[in-house]
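Just below is one structure, and these are the notes that go with it.
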Amino acid sequence: MLSLMVVGSGGREHAVTRKLRENPRVGTIFVLPGNAGIERDEACAPVERVGISATDLDGIVEFAMSRSIDFAVVTPDDPLCLGLADRLEAIGVPAFGPTKAAARIEGSKSFAKALMSRAGIPTAAYRVFDEVGDALEFVRRSSMPVWIKADGLALGKGVVGASSVRDAEDAVRAAMLGGRFGEAGRRVVIEEDLRGIEASLLLFSDGNHYRLMPAAMDHKRAFDSDEGPNTGGMGTIAPHPMISPGLLSRIEREIVEPTLAAMRDEGCPFKGCLFIGLMLTADGPKVIEYNCRFGDPEAQVVLALLESDLLDIMAAVRNGSLDDADVRFNTGAACCVVAASGGYPGEYRKGLPIFPRDFSVLTKQPEGVKIDCAGVASGSGGSDGLITAGGRVLGVTAVAGTLSEAVGRAYAAMGRVSFEGMRVRADIGARALSLSKSEAANG
Ligand code: AMP
Ligand code: GLY
């Protein structure tokens, strides 16, 4: 039996772990550090939590060696950008995830923008600044809104949209002088505003070949109707109703293929899951950003639709044999609805009991519906229940023949979950449903 290691602790890692479990050759799956929901989920068992954080590279490498791990799956951005996949491969542990050099496509926005410029990939016009005076002068001459982005990783919070020169100046000063994003923000990228509908396109790449996953739509803002602050993602649906086969071929030709070719030319072929954040503008699709990993909660919907074996695909990605791999998706639709702590993405309370208290009742769902745990912990006093421990607490993902059915089933299951202050957007999938209606009416 194979010993697997999954690095990370969110809903994405819960979905990945459960999917890996479907392979009959998989023995114990170690999750570092995982969460209490993954640990208890029968659908992941046998699974063992290891108290090593995802960014403790020395600890992870030592653990992988001591337990003779057969295959490692690294999904969060930080360890990938720090070079965990390289470190594991160097000790002979096969790893799914890009090298440190390839992870720069997410870890450095100036790297990604320069790559797109050289390859002629459509994206927002931009400038890179290392000097605060130059950045301030530039925003004073720019038409608003503009987007100010920390060059490096900033826990997903390094992007500020400014609608006035004043706000733009404040954002530049906060990043470059105030250390708002730490070292990550000493250099900033300033971009023009793109208008349109966003899409998340994820694909597997072994460096030379790629396989697309169904495009997803995230719901990033905290509140209904896309109001409120940006979050990690409050819910997703897939497939994305605006990505027709014709548009998808255009995206492959103008964006996917040149991106992968540019990474090869750069000497760092991309092996792993590439996430392309797109804006579907009136002038065609443009890249907003790249991520070097599965999105969260994009992973929950695309993996729910994946019919083939995830471990076999990941091994093919790592071995460079993706061309021969079986990568098939359900032709229906999936919806993931996230339950967040009251106050998220700002301050929120932790330690609140999650109902139902009986874990097996919480996770017992009809066929095609799954709970993915994220910010949860075990309650004290030996009770079987979970308590809240993070901003995004858990998600419900449902698969069905149509999007409206998937949305209905996800909300029905979420209706049975509760905790004090729980916040769930009521409109996940609503925009996609109205877009698919107008597409049908036009087409
Ligand atoms: P993040 O995932 O934190 O990078 O969030 C970035 C979000 O900011 C994107 O999903 C977009 O909604 C928005 N955004 C970033 N850059 C631009 C841009 N140039 N034009 C319009 N929206 C943008
Ligand atoms: N849901 C967006 C991300 O994972 O970056």
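Bear in mind that the values in this text are calculations on the coordinates, not laboratory data. Small disclaimer: the values here were computed from a predicted structure and weren't measured. Every residue, glycine as well, gets a Cβ built from its backbone with ideal geometry; the counts of neighbours run over all protein chains shown.
Structural remarks
- For the chain, the mean projected area of the C-alpha convex hull, equal to one quarter of the hull surface, is 20.6 nm².
- Choice from Leu177, Leu20, Leu362 with maximal GNM fluctuation in the chain (Cα, 10 Å cutoff): Leu177
- Positive-end residue, the chain charge dipole about Cα centroid, Cβ charges, pick of Ser244, Ser434, Thr259: Ser434
- On full extension, the segment bounded by Glu22 and Ser249 gains 78.6 nm, given 0.36 nm per residue less the C-alpha separation.
- In terms of distances greater than 23 angstrom between alpha carbons, the cross-link table entries Lys109/Lys370; Lys19/Lys370; Lys113/Lys286 yield Lys109/Lys370.
- One chain, two ends: Ser438 and Arg118. Fully extended at 0.36 nm per residue, the span grows by 111.5 nm beyond their Cα-Cα distance.
- Taking 16 Å as the straight-line reach from the Cα of Lys350, the aspartates and glutamates in range (excluding those fewer than 8 positions away in the same chain) are Glu420.
- Spherically averaged projected area in nm², based on the convex hull that wraps the Cα atoms of the stretch 47-184: 10.5 nm²
- Segment Thr55-Glu405, length gained on full extension (0.36 nm per residue, minus Cα span): 122.1 nm
- Dipole in debye (nearest 20) - the chain, about Cα centre, beta carbon charges: Lys, Arg +1; Asp, Glu -1: 540 debye
- Note on the chain: dipole from Cβ charges, positive end direction compared against Ser308, Pro356, Thr75; the farthest Cα belongs to Pro356.
- Translational diffusion of the stretch 78-136, µm² s⁻¹ [Kirkwood Rh, Cα pairs; Stokes-Einstein; 20 °C; 1.002 mPa s]: 160 µm²/s
- Reach of Lys271 by Cα under 15 Å, taken over aspartates and glutamates that are not fewer than 8 positions away in the same chain: Asp77, Asp86, Glu89, Glu106, Asp206, Glu257, Asp312, Asp323
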